[in-house]
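Peer 1: Below is a structure I'd like to ask you about.
The values are calculated or read from the model by the stated rules, or taken from the named source; none is laboratory data. For clarity, every value in this text was computed on a predicted model and none was experimentally measured. Note that we place each Cβ from the backbone using ideal geometry, even for glycine, and neighbour counts take in every protein chain shown. Areas reflect the complete protein model, heavy atoms only, side chains present, ligands, DNA and RNA absent. Shrake-Rupley method; radii C 1.70, N 1.55, O 1.52, S 1.80 Å.
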Amino acid sequence: MRILGINNTINFQRRPTKTEEQDLKSAVNKAYDIMGTEERAVITHGSCFPALGRDTYIGSPYGKAAKEYIKFLNLYGFNGMQLGPGGELQKGNVSPYNSSAFAKNRLFIDLEELTTDKYDNILSEETFNKVTRHPVKGKNYDMTNFIEAEHTYNIALKESYKNFRKNLINGKPEALTLNKSYVDFKNKQSARLNDEALFKILSNEYGTDDFTQWQEIDKNLIEEYEKGNKKAVERYKQLSIDNSLKIEQYKFEQFIATKQIKENKEWRDKLGFKYINDLLVGCSKMDEWRYQEAFLKDWEMGARENNSASQRWHIPVIDPKKIMKVDELNIGGKFFKEKIDFALEFSENIRVDHVMGLIEPYLMAKHADDSEFDTKVKNNDIEMYISQLKDENGNEYDFYWDYPKLLECIILPAFKEHGITKDLPMWEDICSYPDRFKMVYNQLELPRISFTDWEKAEDAVIHNPNGWFILGNHDTIPAMNYLQRKDGKGEEYTKTQSAWNPLYLAGYLHQNENRADERNAFCEKIANDDRELVFAKFSELMTTPKFQISFDDLLGITDEIYNIPGSTRKDNWKERIPADFLDRYYENLSSENPTALNIPELLKTALQAKMDMSENRAELYEKYQPVIDKLEHYANILKESD
C-alpha cells in the first residue's frame, strides 16, 4: 500500500475554537503529567519554518511565523523544538551541519520587523515587498530557495544598514537607542566579528570558502596575525581599512540576528517552550580558518561504512595534542568551549551531534581522492579511527587519550555551567561503536537515543531510562512510509521487526485484562491497516519519558524527504512547512485517510496504556477518567468536517 499526502484541495474542517483551545491544551498537558512524559519536542530545522504574510524564500525560527507555529505545537502539548544548527552557511553548501559554530545565520532575520518603528523603519516597505513574495499555498509542503533567499537578504540588509547609518547621523532617537545596543554587542564580540567579516570578504574575492586555495598570506592570516607576523599584521589592517563599510555591515547583521534571537527567547520563556540547539561536531570553513592551529592538518572527519564507501564529511578534526595543556585549555579546548557557550547562549537544551566524533572520530585523509574510498576493504593508510593514527615514529598519536577529554574535561563541565545535567541532552550516538567509543561512553554513563523503529519501548525504557526516544528524525523518510521500505533483495522488512509486531503493540498499549476485547479489536485494526499500525507506534512513543517527532510526521507530509544522509540529492535540506500548514493539518485529520497525527487520539491510547501498567490502575481510572473523556472528545472534533 502506497501512502501519499492528501490532495491539494482545501476543504472545510472542524478545528478547536478559541474557547476550546485552553481546555484542549489543559487536557493534553494533564495527560503528559500523569504519564510522567517530561519532554516532547518536534524536530524542525530553522529553514523549515513556515512563512507568514510575505515570504523571504526561507524559514526562520525567530520571526512572527515561528511564533504562530510554536503556539500550534504548544496547543498540542509540545514543550520544545529540536532545531538544526543555526550558523552562517558556507558558500555553495546549504547543509546546516557545515555551518558556522559562532556566526548567526543572517537568512533567519525577520525582515518585516526591520520595516517597523521598533527598528526605526530601516527597511522600506517598498523594498521589503519588492524582494519578497506571497507565500505558496495549497501544497503539502514548500521548498526553501537558498539562492533567492541570499539575493533577497543581500538587497534588504544592505538598505537596512545604509538607512541605519543615515538615521544615526541625523540623530533620530530610535537610531540612537538601537546604536547603544549595537555598540555594546560589538564591544563584546569585536575580534571575532572582524575576523569573520574579513573571511567573508576574502571568500568573495577568491570565489570560494576553501581557504586552502587562497594565497599564502590570506590562507594563514589569522594565525600569523596573532603571532605578530609583520606582513600579516599589515595585510589584516589594510583589509580592515579598505573594507570598513562591509565589515560594519556584517557586524550590524550579526547584531540584528542576535537581537531577534534573544527577543524570541524572552517570548518563549514566558510560554515555557524550549529550543534545543544542535552542537555541531564540526564547524564551517570560516571557523576552521580562525582556529587553524587547533586542527589536524592532514585529516578530516567522516563516518565508517562497512559495506560501502565511508561517508566523507570534510569536517576538521581537533588535534588531540591541542586540547589540554597541563592544567588549562589549549587552543582546541578553547575552541570547543566557545562552541558550547555559543550553542547554549539562547537555547535551553542541546543535541550533541555525532558523539563518537568527540571520543573516537573516524579519520579520512584529505589528500585521497573520493574513488579511493569506494571499497568494502578499508585502506588503513587513508581511513582509520583516531586511536589507530601513528606519529612520525610509529607510536600511537593520541597515546594519552587526550581526544576523549573533550567530553570529560570540557563538554560536561560546560554543560554544568549552563545548568544542564548529562541526562538532559540528546546524545546522538548513531555510529559504528568501536571499542574505545564504547568504553568511554559507558564509563561516563551517558544516555543514548532509542529508536522505537527498531526497539520495543517496553525494553528501551528499562535499558535507557534517561535517554531520548524517537521514531524517525531529520535524516529519515516520513514514518508513514516505513512499511514500504525494502531491503537489498527488494523485500519489505519493517513488519518483520519485533518492534512492529501488532501482537506486541496491542499488548503493550492494552495491558488491562478487563479490556481484552478492546485489545483484540485494536490488534486486528493495526494488523490490517498500515496507517493505524504507524499511529500505534506513535502512541507507543508517547509513553516514553522524553520523545521527539519530526514536523513531517506531525503534519502528515508523506511525499517529501528533508535529507537523505550521505547523498548529494539536490533537494536535501530544502523541504519546508507550507504557509497554510494549519489548514493542511486540519484538512488532513478530517479526511478519509489521514496521515497527520491526531494528538488527542494517540495520547488517549498512550495514557490508558500507562495507567494499565500501574498496580493502582482502578484508582487511576477513577481519578483521571475526565481527562480520557476530554481527549476522546477533542480527538473526535479533529475528525469532523465543519
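Peer 1: Can you work out which of the residues in region 57-81 that are more than 15 Å from the chain's Cα centre (by Cα) and open to solvent by 20 Å² or more (accessible area, probe 1.4 Å) is nearest to Thr115 (Cα to Cα)?
Peer 2: Lys64
Peer 1: Could you grab me the full set of residues in region 202-220 that are in contact with an Asp or Glu (Cβ under 9 Å, 6 or more places away or on another chain) and either more than 12 Å from Trp289 (Cα to Cα) or part of a helix (DSSP H, G or I) (or both)? Full working, then the answer.
Peer 2: Here is the first cut: in region 202-220, the ones in contact with an Asp or Glu (Cβ under 9 Å, 6 or more places away or on another chain) are 202-203, 205-206, 211, 214, 217-218.
Matches in region 202-220: Leu202, Ser203, Glu205, Tyr206, Phe211, Ile217, Asp218.
Peer 1: Considering Leu620, Leu582, Leu607, which residue is open to solvent by 10 Å² or more (accessible area, probe 1.4 Å), in a helix (DSSP H, G or I), closer than 28 Å to Gly507 by Cβ and touching a residue at least 60 places away in the same chain (Cβ under 8 Å)? Outline the logic, then answer.
Peer 2: Working: Leu582 fails: closer than 28 Å to Gly507 by Cβ; Leu607 fails: open to solvent by 10 Å² or more (accessible area, probe 1.4 Å).
Selected residue: Leu620, the only one of Leu620, Leu582, Leu607 that is open to solvent by 10 Å² or more (accessible area, probe 1.4 Å), in a helix (DSSP H, G or I), closer than 28 Å to Gly507 by Cβ and touching a residue at least 60 places away in the same chain (Cβ under 8 Å).
Peer 1: Now for a different question. Can you tell which of Arg304, Arg290 is in contact with a strand residue (DSSP E or B) (Cβ under 6 Å, 6 or more places away or on another chain) and basic (Lys, Arg)? Step through it out loud before you land on a result.
Peer 2: Values: Arg290 fails: in contact with a strand residue (DSSP E or B) (Cβ under 6 Å, 6 or more places away or on another chain).
After applying the criteria, what remains is Arg304.
Peer 1: Hey, could you check region 39-50 for residues that are farther than 20 Å from Ala596 by Cα and not polar (S, T, N, Q) and say which is surrounded by the fewest Cβ atoms within 10 Å (Cβ to Cβ)? Walk me through it before giving the result.
Peer 2: Here is the first cut: in region 39-50, the residues farther than 20 Å from Ala596 by Cα are 39, 46-47.
If we keep only those that are not polar (S, T, N, Q) too, we end up with 39, 46.
Numbers: Glu39: 20, Gly46: 24.
Selected residue: Glu39.
Peer 1: Here is a follow-up. When Glu408 is evaluated against the numbered criteria (1) surrounded by 12 or more Cβ atoms within 10 Å (Cβ to Cβ); (2) part of a helix (DSSP H, G or I); (3) modelled with pLDDT of 95 or more, which criterion, by number, is the only one it fails?
Peer 2: All conditions pass for Glu408, except number (3).
Residue-wise test of (1) in contact with an Asp or Glu (Cβ under 9 Å, 6 or more places away or on another chain); (2) assigned to a helix (DSSP H, G or I); (3) acidic (Asp, Glu).
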| site | (1), (2), (3) |
| --- | --- |
| Thr476 | yes, no, no |
| Tyr482 | yes, yes, no |
| Gly488 | no, no, no |
| Tyr504 | yes, yes, no |
| Tyr508 | yes, yes, no |
| Asp517 | no, yes, yes |
| Asn520 | no, yes, no |
| Glu524 | no, yes, yes |
| Ala527 | no, yes, no |
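Peer 1: Any chance region 141-148 includes a residue that's within 23 Å of Gly86 (Cα to Cα) and free of Cβ contacts under 8 Å to residues at least 40 places away in the same chain?
Peer 2: Residues of region 141-148 within 23 Å of Gly86 (Cα to Cα): 141-148.
If we keep only those that are free of Cβ contacts under 8 Å to residues at least 40 places away in the same chain as well, we get 147.
Looking through region 141-148, at least one residue is within 23 Å of Gly86 (Cα to Cα) and free of Cβ contacts under 8 Å to residues at least 40 places away in the same chain.
Peer 1: Filter region 298-336 down to residues that are among the aliphatic types (A, V, I, L, M) and closer than 15 Å to Leu406 by Cα and give me whichever is most open to solvent (accessible area, probe 1.4 Å).
Peer 2: First, pick out the residues of region 298-336 that are among the aliphatic types (A, V, I, L, M): 301, 303, 309, 315, 317-318, 323-324, 326, 329, 331.
Pick out the ones that are also closer than 15 Å to Leu406 by Cα and you get 317-318, 323-324, 326, 329, 331.
Working: Val317: 0, Ile318: 7, Ile323: 0, Met324: 53, Val326: 146, Leu329: 47, Ile331: 36 Å².
Among those residues, the one meeting the criterion is Val326.
Peer 1: Among residues belonging to region 413-430 that are of a type outside the set (D, E, K, R) and open to solvent by 40 Å² or more (accessible area, probe 1.4 Å), point out the one that is modelled with the lowest pLDDT. Show your work before the answer.
Peer 2: Initial filter on region 413-430 (of a type outside the set (D, E, K, R)): 413-415, 418-421, 424-427, 430.
Subsequent filtering for residues that are open to solvent by 40 Å² or more (accessible area, probe 1.4 Å) retains 413, 418-419, 421, 424, 430.
Values: Pro413: 97, His418: 97, Gly419: 96, Thr421: 96, Leu424: 96, Ile430: 86.
Per the criteria, the residue is Ile430.
Peer 1: Name every residue in region 355-400 that is closer than 30 Å to Leu444 by Cα, free of Cβ contacts under 8 Å to residues at least 60 places away in the same chain and among the hydrophobic types (A, V, I, L, M, F, W, C), in order of residue number.
Peer 2: Of everything in region 355-400, those that are closer than 30 Å to Leu444 by Cα, free of Cβ contacts under 8 Å to residues at least 60 places away in the same chain and among the hydrophobic types (A, V, I, L, M, F, W, C) turn out to be Met384, Phe399.
Peer 1: What's the number of the condition Arg569 fails, among (1) of a type outside the set (Phe, Trp, Tyr); (2) free of Cβ contacts under 8 Å to residues at least 40 places away in the same chain; (3) open to solvent by less than 10 Å² (accessible area, probe 1.4 Å)?
Peer 2: (3)
Peer 1: Could I ask something else about it? Being surrounded by 15 or more Cβ atoms within 10 Å (Cβ to Cβ), hydrophobic (A, V, I, L, M, F, W, C) and either within 15 Å of Ala609 (Cα to Cα) or touching a Pro at 6+ places or on another chain (Cβ under 6 Å) (or both), is that true of even one residue in region 506-521?
Peer 2: Yes: one or more hits.
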